[in-house]
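What follows is a single structure, written as structure tokens, with notes after it.
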2 protein chains.
Amino acid sequence: MAELNERSQKILEAIVKDYIASAEPVGSRAISRRHHFNLSPASVRNVMADLEEMGLLCSPHTSAGRIPTEKGFQYYIDSLLQIRDLSDKEKKQLRSSYRFSGMKMEDIMQEVGRILSGLSKYAGLVMVPKFATTVFRQIEFVRLSHGRLLVIYVSETGLVQNKVISATADIDQRELEKISNYLNRELNGLTINQVREKLKKEMQDEMTLYDQLRKRALSLSFAALQDEIEDQLYVTGTSLMLEQPEFSSPDQMRRLIQTFESKKILIDLLDRSQSAQGVQIFIGSEVDLKGCSLISANFSNRKGAIGALGVVGPMRMDYSQVVPIVDFTAQLVSRVLDREAE
Amino acid sequence: MAELNERSQKILEAIVKDYIASAEPVGSRAISRRHHFNLSPASVRNVMADLEEMGLLCSPHTSAGRIPTEKGFQYYIDSLLQIRDLSDKEKKQLRSSYRFSGMKMEDIMQEVGRILSGLSKYAGLVMVPKFATTVFRQIEFVRLSHGRLLVIYVSETGLVQNKVISATADIDQRELEKISNYLNRELNGLTINQVREKLKKEMQDEMTLYDQLRKRALSLSFAALQDEIEDQLYVTGTSLMLEQPEFSSPDQMRRLIQTFESKKILIDLLDRSQSAQGVQIFIGSEVDLKGCSLISANFSNRKGAIGALGVVGPMRMDYSQVVPIVDFTAQLVSRVLDREAE
DNA sequence: ATTAGCACTCGAGCTGGTTGAGTGCTAACA
DNA sequence: TGTTAGCACTCAACCAGCTCGAGTGCTAAT
């Protein structure tokens, strides 16, 4: 991106801010009046023309003002945006809105989403820790019917997953207990991925296994863990998005709701943000959310269980407001998870 | 409801059917032409005026045709609607779209919702069996951190619920195992409600209890089961509803989405339908869904686990089409649950 | 380099006219 | 007496034309 001189920057910033506030095209006159750089509308217009040339602004039609393009927002966020920190008072307030004691994982995540969307007035997303990266704690088998077993496994953080598998032979509950005892001893403290690795390796030595119990245990737990467990995503406050003027037309509403309904797009996005540290901002068509941005952050605990949360709002959302909220919430959740796992 | 003579009935039926097909006010001319009762538009008009008088029809404005009121739909459904049965071919087709083998409960429910909304082109609802009425199968405890326990309980049907409780004293995993063994033996085969009853009674004799283990077991499981477990609701295909012309205005869309988002209204409705047998139809403002109807049916298995499923569509939906689908799906799900629990 | 001035553009909103579907009423008819 | 043809009336939807005002781009003066 070519450098902008200071005046251009100031004007771009002013336009973006005004547009964020009003959701309407902003004109040269408004800029020269509302912001106190002593410039006539004409001069502002010249600068605006340059900015349009560079692809940072565009005008919906001849006699309307300018609105920032995606690229314009990008520039604003990269170079101009100053994130204010939350004041201690705000932090305290935020902290006190979260009351997680005695809640199980799912409920915590849902509650975080609710609060996130409540504070931001946009849609809140929370993706539950990817099970694969969490630490194994316990496995249990329940016999459902002939040959059909329910496997329940629990992570260090108290996340529960369950799955139905079918065993070749019928196994009674007593033996299942023995098997789970054995597995709990063997696999304790490993991440699910490590568990998978270990099982795979041991399975290869299967030929040499005379120990029936162990053999069964291996094949059962292998079946239980073999396919990827999909991430769980909690979406809250979609209807808040519909209040935004940019989604006021039926068509745009439909598109938006469809996007939120499929969840896949959102999961992909949050997955992408998983690798990075701190707050990330995805803008507009960079993601498959036309006209939207996603502000996301990861959370984790000492042991490494990783999830992501964020806020989806219109591209024109108030980043300086929402970014610190997302950031602090992620930290808060991380701390809670640590406490849970202690 | 006053009786209608045959001609009025025929005309009402024709109007409702045409309106269902077109979503537009239907006029006297159209009725007299499209349906072959040999009546002039003028005569039809007279009847229509009567029907309007009785509150079965209304006209959006003077020079538009008539549309059925809620009461009109009610009458149509109660007296005029003929539910055709599914042909064997359709049944077979429906049956084959459901593939549940090796799925766990949650996934089955989600899949049912998806198919339901796919077939009806409206929103599909599935409410997972109320846990309280299901049969207890197994309970497990996992120690999370000092004094915090994760309880997992499984129903006969393989439904898994979990919850965090805090114990007064720290209990190690070995003792937890003993406790769960004890409880599994004691409580096997009872419904959750029966379990609650039993625990309550035994707790009252607590004074006389010298058996530490038993004492602990009782208090733990009591804590685990004490509050109501909320029903889980799966909603699919909301965006399909947005395609319907009656929800084409931004305002109506917003209202609709808000309704679906809160879920509470829907749960209440399905709860209400729980008591009844067979397919039920709720219309419009009778429920809190303005302009919508809900077609619902219960499912259960021999052991009595009860849930409900249904389709929410515009009031003007094709009942003769959707009712049999809902009906048959409920039967299908019941049968699957039986198989699961066998 | 900045700015005042001005012609120009274009959407929003208002008006008035036309069209066509549909009604209610009345009088004639079987 | 029930049915119907005829007719005047109503009203939303559509369209064309109009004005208004916000905002632009360009040019010439400062």
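The values are calculated or read from the model by the stated rules, or taken from the named source; none is laboratory data. The structure presented is a predicted model; accordingly, all values stated were derived computationally and were not measured. Please note: Cβ atoms are built from the backbone with ideal geometry, for glycine as well, and neighbour counts cover all protein chains shown. The accessibility values were calculated without ligands, DNA or RNA, using every heavy atom of the protein model including side chains. Shrake-Rupley method; radii C 1.70, N 1.55, O 1.52, S 1.80 Å.
In table form, for the structure just shown:
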quantity	calculated
Neighbouring partner chain Cβ atoms per residue of A:103-115, average, 10 Å criterion	1
In sequence order, calculated HN-Hα J values of segment A:187-196 (Karplus, 6.51, -1.76, 1.60; Hz; x Gly/Pro)	9, 3, x, 8, 6, 4, 5, 5, 4, 4
Estimated vicinal HN-Hα couplings, Hz - segment A:129-144 in sequence order (Karplus 6.51, -1.76, 1.60; Gly, Pro = x)	x, 4, 4, 4, 9, 8, 8, 5, 10, 7, 10, 9, 10, 10, 7, 8
Sequence of A:Lys263, A:Lys10, A:Lys201 when ordered by accessible area, the most exposed leading, probe 1.4 angstrom	A:Lys201, A:Lys10, A:Lys263
Order by protection proxy (mean Cβ within 10 Å, highest first), peptides A:280-287, B:306-313	B:306-313, A:280-287
Span per principal axis, largest first, for the Cα atoms of segment A:210-284 (Å)	69, 29, 16
Cα centroid separation - segment B:1-59 against segment A:284-307, whole Å	56
Three-way shape label, segment B:6-80, alpha-carbon gyration tensor, a/c 1.5	rounded
Shortest-first nm distances, B:Ile83 label point to equivalent points in other copies (7 Å, Cα→Cβ)	5.6
Peptide B:137-146, shielding by other chains (average Cβ, 10 Å cutoff)	5
Global form of segment B:132-225, assessed from the alpha-carbon gyration tensor, a/c cut-off 1.5	oblate
Within the accessible area of segment A:86-170 (1.4 Å probe), percent carbon and sulfur	47
Given charges at beta-carbon only (K, R positive; D, E negative), |dipole| of the protein assembly as shown in Debye	60
Accessible surface of A:Asp327 - all protein chains present, 1.4 Å probe, nearest 10 Å²	60
Karplus-derived 3J(HN,Hα), 6.51/-1.76/1.60, for each residue of segment B:254-270, Hz, glycine and proline x	4, 4, 4, 4, 4, 4, 5, 6, 5, 6, 4, 4, 5, 4, 4, 4, 5
Cα gyration tensor category, rounded, prolate or oblate, for the protein assembly as shown with a/c compared to 1.5	oblate
Inter-copy separations for B:Arg339, label at 7 Å along Cα-Cβ, nm, ascending	4.7
Across A:Lys121/A:Lys264; A:Lys91/A:Lys130; A:Lys198/B:Lys215; B:Lys91/B:Lys130; A:Lys92/B:Lys130; A:Lys104/B:Lys201, pairs whose alpha-carbon gap is larger than 31 Å	A:Lys198/B:Lys215; A:Lys92/B:Lys130
For chain A, built as a Gaussian network whose Cα springs stay under 10 Å, the top-fluctuating residue of A:Arg196, A:Arg45, A:Arg174	A:Arg174
Position B:Glu106, label points 7 Å along Cα→Cβ, spacing to each other copy in nm (shortest first, one decimal)	0.5
Averaged over B:158-164, number of beta-carbon atoms from partner chains that fall within 10 Å	6
Residues with amide H under 5 Å from that of B:Arg148, placed H, sequence gap 5 or more	B:Ala167
